[in-house]
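What follows is a single structure, written as structure tokens, with notes after it.
The values are calculated or read from the model by the stated rules, or taken from the named source; none is laboratory data. All values reported here derive from a predicted model rather than from experimental measurement. Reconstructed Cβ throughout: ideal geometry from the backbone, glycine too, with neighbour counts over all protein chains shown. Surface accessibility is based on the protein's heavy atoms, side chains included, excluding ligands, DNA and RNA. Shrake-Rupley method; radii C 1.70, N 1.55, O 1.52, S 1.80 Å.
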Amino acid sequence: MKVLLTFTELAMLSYWIFAAVVCLGWLVVSPELMYADHLNPLMVNWNWSFLPIDVLFAVCGLVARFGPVRGAKREVLEIVGLTLMFCAGLMALSFWTLQGWFDLMWWGMNGWLVVLASVGLGCRFMAPSERQTA
């Protein structure tokens, strides 16, 4: 689980670095790889509105796992990170559902966030005896 979470959090931070590079015009990406209506300023704002929640879930998770925090503070960071991850994925899926737009790549990535966060939160809240056998 730790490997999957770490990979996902680092991938999310990489996505935003990549998005910034594209936004600055340092790299051109094929329109097929972009989200729907990616030239519409409203859609660009929608995409960038996820920056804070995505960066926060990634940083919370990475600091909880690799930072100097211990005990209750570590648990809080883990739970906050997983909750934000779940919300980010669910918000994106909800939006695309309302728009009636489906793309396997974008749905898959956001579905991954929802599933991974759900499993992570489920593991966090299992009874201690259940956690030891899982």
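List of remarks:
- Scanning region 12-48 for residues that are open to solvent by 60 Å² or more (accessible area, probe 1.4 Å) and over 21 Å from PHE102 (Cβ atoms) yields a total of 11.
- Taken together, the criteria exclude GLU9 from residues that are of a type in the set (D, E, K, R) and surrounded by fewer than 11 Cβ atoms within 10 Å (Cβ to Cβ).
- Complete set of residues in region 73-106 that are in a helix (DSSP H, G or I) and open to solvent by 70 Å² or more (accessible area, probe 1.4 Å): LYS73, GLU75, VAL76, LEU90, MET91, THR97, LEU98, GLN99, LEU104, MET105
- Qualifying residue in region 14-32 (condition: under 17 Å from the mean Cα position of the chain (by Cα) and in contact (Cβ under 8 Å) with a residue 40 or more places away in the chain): no
- Residue check for LYS2: farther than 20 Å from SER94 by Cα, over 20 Å from the mean Cα position of the chain (by Cα), exposed (fewer than 15 other Cβ atoms within 10 Å of the Cβ) and basic (Lys, Arg): no
- All positions within region 1-42 that are touching a helix residue (DSSP H, G or I) at 6+ places or on another chain (Cβ under 7 Å) and of a type in the set (S, T, N, Q): THR6, THR8
- If only residues of region 89-105 that are among the small types (Gly, Ala, Ser) and within 12 Å of the chain's Cα centre (by Cα) are counted, the one that is farthest from SER49 (Cα to Cα) is GLY89.
- Residue within region 55-78 that is under 26 Å from MET126 (Cα atoms) and touching a Phe, Trp or Tyr at 6+ places or on another chain (Cβ under 9 Å) present: yes
- Complete set of residues in region 91-134 that are modelled with pLDDT of 95 or more and of a type in the set (Phe, Trp, Tyr): TRP112
- Residue check, VAL55 surrounded by 15 or more Cβ atoms within 10 Å (Cβ to Cβ), over 19 Å from the mean Cα position of the chain (by Cα) and either aliphatic (A, V, I, L, M) or assigned to a helix (DSSP H, G or I) (or both): no
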